[in-house]
1. Is it possible to state the helix-based mean residue ellipticity at 222 nm for the chain, with each DSSP H run of 4+ residues giving -39500 (n - 2.57), the sum divided by total residues, to the nearest 500 deg cm²/dmol? What is it?
2. Which whole-number value in Å² is the accessible area per residue of the chain, probe 1.4 Å?
3. Relative contact order (percent) for the chain, with alpha-carbon contacts under 8 angstrom and 6 or more residues of separation?
4. Amide H neighbours of L53 under 5 Å, counting only residues 5+ apart in sequence or on other chains, H built in-plane at 1.01 Å?
5. If I build a Gaussian network model for the chain, linking alpha-carbon pairs within less than 10 angstrom, which residue out of P17, P59, P83 has the largest mean-square fluctuation?
6. Give me the percent of accessible area attributable to carbon and sulfur for segment 1-106, probe 1.4 angstrom.
7. Return the label of the correct value of semi-axes √(5λ) of the Cα gyration tensor in Å, as calculated from the structure shown, out of [x] 29, 16, 15; [y] 32, 18, 11; [z] 42, 19, 11.
8. Rounded to the nearest 20 debye, what is the charge dipole size of the chain about its Cα centre when +1 sits on each Lys and Arg Cβ and -1 on each Asp and Glu Cβ?
Amino acid sequence: VLLAHFGRAYFPEAVGPLDGLAPLENLYVDCSMVQDHEVLETLFRRFDHSRILFGLDMPVAQEKGKVLGVNGQRHFFTKRVHPWSIHNSAGAYRIRCTFMAYEMVRALRRAMERCGLGRRAAEQVFHENAENLVRSVREAVYG
C-alpha cells in the first residue's frame, strides 16, 4: 500500500494521527510535493526510512513555485499562471521562485539532517527503497 504525497500533508497542521499507520509493515509513504521540512521530520521520526519513497509528481514539480499552508489550507504559489495556483499578475510584487522539485529536495535534505540521517538513508529514500519495492512486487507476482 502506498500513501501518496504523505496523505497530502503538505504543511504541519495537515499531518493527522499516525499511530495506526506507522506500524503497518506493508505501508510505504511517498513524499512527492511535500516541501515542508517539519512535515518530513515527522515522517522520518514516525516511519522507518526504508519505507519512505521520493517522488517528483511531474509535471507539477517542474513548475517554479512553492506549496504552502495558510490558515489550514494548501496553496500552490507559482510563477506562471495556472488555474490550480496562486500567482502574481504583471507588475505585482515579484517573488523569486525555484523549481518545486528543488523545494522538495531542499526540504528532504533539511529534515534528514535534523533527524540525524546520513548519506546512506538518503540513498535509500531517493533510489533503493523504490527499487526494492518494485523488485518485491515483481517477485510476488511472477515468482
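The values are calculated or read from the model by the stated rules, or taken from the named source; none is laboratory data. Small disclaimer: the values here were computed from a predicted structure and weren't measured. Glycine gets a Cβ as well: all are built from the backbone with ideal geometry, and neighbour counts include every protein chain shown. Only protein heavy atoms, including side chains, enter the accessible area calculation; ligands, DNA and RNA are left aside. Shrake-Rupley method; radii C 1.70, N 1.55, O 1.52, S 1.80 Å.
1. Counting only the DSSP helices, I get -9500 deg cm²/dmol.
2. Counting only protein heavy atoms, the per-residue value for the chain is 62 Å².
3. Once divided by the residue count of the chain, the mean separation gives 25 percent.
4. V29, D30, C31
5. Highest fluctuation of the listed residues: P83.
6. 54
7. [x]
8. Dipole about the Cα centre, nearest 20: 640 debye.
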